[in-house]
Amino acid sequence: AMLQLRQMMGIRDSLIAGQVITGWDQVRKGTGTRKKILVILNYRHAFNRGFPIPGSSRILHNSAYWIFQHDSSRVANVLLNTIGLDNQESPYLIQEGRWDAAMKGVGKQGMGFNFPGSPFGKDSLDIWTMPSPFHYQDVFSGYVYYRPFEEHRTMEGIRGYIDPLFREEVVRRIQLIGIVNREFGSKMEAMKRAIEGDTPYLNIPEPRPYFGLDQLKSQRARWEH
């Protein structure tokens, strides 16, 4: 069973894409007038290219890659303004803060544009920390600048997420993830503690600004005039 789980982790992007494609096809074949769906994917899963893995002959095919393969003429993937995390999980701004400084300079938010034909699209894909030949326009159709990063909030906890009936299932899932992907071991132990007690921590919504906010502001300030 553990071998099967590890194998599934290796192909999880195609499994995610398969679920999306199935739902999308159902919408397109249905009786509704709108034949569109919105899919929110985290980080690299939204990249529409296959990425070479350094030191390996393997190619990492992300979920959006498989979705684009299904019908690229009807698909667009859009990057929502965000921050990056380096290999030590320290936060950084895209293009060393130039993008965020430009948006702050024009004083606009809630705006979007296509990457092709934009100077932003020609910048190297630095949100991916491994070496790659790609630029943003190679990997994303467009970009949305929603709000400046200091107004973003990371949320831990959902009210009513873990009730007594669901707690045992959450523990089971945590144990499976820890076995399949050992690098998450310490995080899984912290999550176990977060669901213990009469009022599990994960039941308490707690919005927080990004970690290292002052560092991010300094990166942007380098380019402000």
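The values are calculated or read from the model by the stated rules, or taken from the named source; none is laboratory data. As the structure is a prediction and not an experimental result, all values here were calculated from the model. No Cβ is skipped: glycine too gets one built from the backbone with ideal geometry, and neighbour counts run over all protein chains shown. For the accessible areas, the whole protein counts, side chains as well, though only heavy atoms, and no ligand, DNA or RNA atoms are used. Shrake-Rupley method; radii C 1.70, N 1.55, O 1.52, S 1.80 Å.
On the given criteria, is A102 outside any helix (DSSP H, G or I), touching a residue at least 60 places away in the same chain (Cβ under 8 Å) and more than 18 Å from T129 (Cα to Cα)? Write out each step before concluding.
On the way: outside any helix (DSSP H, G or I): no; touching a residue at least 60 places away in the same chain (Cβ under 8 Å): yes; more than 18 Å from T129 (Cα to Cα): yes.
So A102 fails the test.
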Inset, instruction - Determine if segment 54-70 includes at least one residue that is open to solvent by 70 Å² or more (accessible area, probe 1.4 Å), among the small types (G, A, S) and in contact with a Ser or Thr (Cβ under 6 Å, 6 or more places away or on another chain). - result: no
Inset, instruction - Please work out which residue is nearest to K217 (Cα to Cα), limiting yourself to segment 75-90 and to residues that are modelled with pLDDT under 95 and open to solvent by less than 70 Å² (accessible area, probe 1.4 Å). - result: S90
Inset, instruction - Name the one entry in L15, L38 that is among the aliphatic types (A, V, I, L, M), surrounded by fewer than 11 Cβ atoms within 10 Å (Cβ to Cβ) and modelled with pLDDT of 90 or more. - result: L38
Legend entry - Complete set of residues in segment 191-221 that are within 20 Å of the chain's Cα centre (by Cα) and among the aromatic types (F, W, Y): Y210, F211
